[in-house]
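The values are calculated or read from the model by the stated rules, or taken from the named source; none is laboratory data. As the structure is a computational prediction, the values presented were derived from the model and not from experiment. Virtual Cβ from ideal backbone geometry, glycine too; neighbours counted across all protein chains shown.
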Amino acid sequence: MPASRPIWKGQLRLSLVSIGVELYSATKPNAKPAFRQIHEPTGKPINYEKVVAGVGPVDKDEIMKGFEYEKGDYVLLTDDEIDAVKLETRKTLELTQFVGAAEIDPIYYDKPYFVVPSDELAEDAFRVIRDALRQSQKVGLGQLALRGKEYLVAIKPTGTGLLLETLHYEAEIRKSDPFFSEISAKKADPDLLEVATALIDKKTAKFDAGVFKDHYQAALRELIARKLKAKGRKISTKDEPPEHKPTGSNVVDLMAALKSSLEGGASKKSEPASAKKAAPRKKAS
C-alpha cells in the first residue's frame, strides 16, 4: 500500500457484489512552489484572523456554518447536524450506469483519484470489475459523498488498478452558446483546411506526458535557487522575449504560414544531420 493515507474508505458495489476499496489522490499537492505573504520589514509570515464587523476577532468555538436564504439572513447549522445527514454514498460507491468513454464530454471531468482494493480478499472481485470494464471499453458511473459534497464520478481501468474521476454536474457547467454565438458557422476554406490537416498529421504522435514540462514552474524554482544563492541580495531576471504580433490576417498570409510550417516540419524530419549544417539559410518570405 502507498505511504499516503487514503482520503476515503468504503465499498465499491456492482449489483450484489461489494468490494472493499480505498481512494487516493492521483495528483501531487506540493509539485509546484507555494508562496506565503511576508511582512517585508520583519520577514515574518502574515496570518489572518477571523473577525466580525463591529466585534473584532472571534474564537473558533463561536463559529457555525450558515446558509444565506435571503440577503443578510442565515440558517445556522452545527457540525453534528451536518454529520447527521445520512447518505448511503458516504460509505458505498455503487456503479449504477455504464457508458462509452468517448460519450463523456471532457468539460465534465474534474479531479482524478486512484482506487485500490482494501485487502487481498477484495482483489479477486476487484480484478473482475477492472477487466470487465477494460474488455467492454466502458466507464462506470456512480455517486460518492466526499468532504461534505456528493460527487458524480466515473471509474475506468488504469494499469492494474482503477482510476476514479470526479465529474461536474450539468448545473455546474456554463452553456457555450453565449460565448460562441458571434462565431460564424461558415466552413473553413477547403484549400486551407487541407494544408492545416496535413500539418496536424505531420505532428501527430503517441501521447507521452513526460515530453511536456512546466517551464513556468521550472523558471520559478530557478529564480528561488538564485535568490537563495545570492543570500537575499536583489537580482535581475532575464529579459523576456518581445511579444510576437501577427503582421497579416488574410487568406494568402494564412496559407503561406501553413505551408511554411508544413515544409519546415518535413525538412527537419527528412534531412540528415550533415545536410542540415551545409544547407544555406533561406530568407523568410
Members of the range 139-179 that are within 29 Å of Asp80 (Cα to Cα), of a type in the set (Gly, Ala, Ser) and touching a strand residue (DSSP E or B) at 6+ places or on another chain (Cβ under 7 Å): Gly142
Residues of the range 69-124 that turn out to be of a type in the set (Gly, Ala, Ser) and within 25 Å of the chain's Cα centre (by Cα), as a count: 3
Residue that is surrounded by the most Cβ atoms within 10 Å (Cβ to Cβ) [pool: residues in the range 5-42 that are without any contact (Cβ under 8 Å) to a residue 40 or more places away in the chain and more than 26 Å from Tyr216 (Cβ to Cβ)]: Pro6
Check on Val115, part of a strand (DSSP E or B), surrounded by 10 or more Cβ atoms within 10 Å (Cβ to Cβ) and without any contact (Cβ under 8 Å) to a residue 60 or more places away in the chain: no
Which listed residue is closer than 30 Å to Leu133 by Cα and surrounded by 12 or more Cβ atoms within 10 Å (Cβ to Cβ), from Leu95, Leu87: Leu95
Condition met for Glu123 (at pLDDT 95 or above, surrounded by 10 or more Cβ atoms within 10 Å (Cβ to Cβ) and in contact with a Pro (Cβ under 7 Å, 6 or more places away or on another chain)): no
In the range 124-160, the residues that are farther than 17 Å from Leu23 by Cα and part of a helix (DSSP H, G or I): Asp124, Val128, Asp131, Ala132, Leu133, Arg134, Gln135, Ser136
Among the residues listed as Ala198, Ala275, the single one being of a type outside the set (Val, Ile, Thr) and at pLDDT 85 or above: Ala198
Condition check for Ala256: at pLDDT 80 or above, over 31 Å from the mean Cα position of the chain (by Cα) and surrounded by 12 or more Cβ atoms within 10 Å (Cβ to Cβ): yes
The range 129-144, residues that are closer than 15 Å to Asp110 by Cα, surrounded by fewer than 20 Cβ atoms within 10 Å (Cβ to Cβ) and aliphatic (A, V, I, L, M): Leu141
Tally, over the range 161-199, of residues that are in a helix (DSSP H, G or I) and surrounded by 10 or more Cβ atoms within 10 Å (Cβ to Cβ): 10
Residue that is farthest from Ser260 (Cα to Cα), among those in the range 184-215 that are touching a residue at least 40 places away in the same chain (Cβ under 8 Å) and within 31 Å of the chain's Cα centre (by Cα): Asp214
Pairs with Cβ under 6 Å, 6+ apart, first in the range 252-265 and at negative phi and assigned to a helix (DSSP H, G or I), second at pLDDT 80 or above and exposed (fewer than 12 other Cβ atoms within 10 Å of the Cβ): none
